[in-house]
Amino acid sequence: MKWLLFAASLCVLPAYAQDLQPSGSPQASSSASAPSASAGTSTLKDDKDKLSYSLGVDIARTLQRLDVDLNQQALVQGLSDILAKRSPALNDQEIQQTLQGFQKQLIQKQQAAMAKKQTEMKDLAEKNKAEGKKFLDENAKKAGVKTLPSGLQYKVEKDGNGPKPKDTDVVETNYRGTLTNGQEFDSSEKNGGPVSFPVNGVIKGWTEALKLMPVGSKWKLYIPSDLAYGDEGAGDTIQPGSTLVFDVELLGIKKEAAGAAAAGGAAAAAAQPGAGGTPEADSTGENEGAGTNKGPGAVGNPSPGKK
């Protein structure tokens, strides 16, 4: 009974098996790339036959994804013995010890894979932060670029004479976000036009800049990673440690968001279209001081400009 439960549990392991596969590895889900059907499938005459065969295929595919070194004959014999109600070749204690050892190996594999991924992410973040620092150091020397104590840089491209937003305000903006190499990852145009969101519901760099911008102004923002998405990055385009560049036009200030100061994340989610790349923040809490969110630039995130 324990073995049957364990075998059934293998069917729910594909997510873990997927984590162990190298990025970009092909998936054997397409019938076009699969080997030709075996002659044995012609014997599957009813639903019982199809279910039995399908369960066998599902377990086998899961074991393949787990990259387990198995004796196929012994595997089939184990299934056959139990299903035929024959006494297994191993006693319950031996089976339990063997399966516990196997489960321990799976956990160790998973931990090793996670540790490797974390190391790769950390190394990538450090590389990108170094490149970002070099970019910002050079950018600071350019005419019209101002650097704030936080490290945020901006250049006024159009002066405005309207009021400046407060933390609890909802603003309407046009924006375009790019990486330092000019690659665009999001824009209000892609989201259907001007976008509105709470000032305290975006990444730190946006929040700081917005409170300094009079309505009607247009600024170019240069945001270091610690004021953007930090060492986590966002989506497929914004890597860990990325410095981001935004063109931001402040079109207007709407009424103060109800409860925005206390619930920036919820207000931001309600105010934003949720398109990947908007400057709203995520809920990791990493960017304290900008509400509970991160903000602009998250491709694949419901925020301006993952997780």
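The values are calculated or read from the model by the stated rules, or taken from the named source; none is laboratory data. Source: prediction; values computed, not measured. FYI the Cβ positions are ideal-geometry reconstructions off the backbone, even for glycines, and counts take in every protein chain you see.
Of all residues in the range 227-242, exactly one satisfies the criterion of being in a loop (DSSP other than H, G, I, E, B) and touching a Phe, Trp or Tyr at 6+ places or on another chain (Cβ under 6 Å), namely Thr237. Looking only at residues in the range 106-148 that are part of a helix (DSSP H, G or I) and over 27 Å from the mean Cα position of the chain (by Cα), the one that is surrounded by the most Cβ atoms within 10 Å (Cβ to Cβ) is Asn139. The single condition from (1) surrounded by fewer than 21 Cβ atoms within 10 Å (Cβ to Cβ); (2) over 25 Å from the mean Cα position of the chain (by Cα); (3) assigned to a strand (DSSP E or B) that Val171 fails is (1).
Residues that are β-branched (Val, Ile, Thr) and more than 21 Å from Tyr222 (Cβ to Cβ) were ranked within the range 160-192; the one that is modelled with the lowest pLDDT is Thr168. State yes or no: is Trp219 in contact with a strand residue (DSSP E or B) (Cβ under 7 Å, 6 or more places away or on another chain), at pLDDT 95 or above, aromatic (Phe, Trp, Tyr) and outside any helix (DSSP H, G or I)? In short, yes.
Applying the criterion of being of a type in the set (A, V, I, L, M) and under 28 Å from the mean Cα position of the chain (by Cα) to the residues of the range 58-86, the residue that is modelled with the lowest pLDDT is Leu66.
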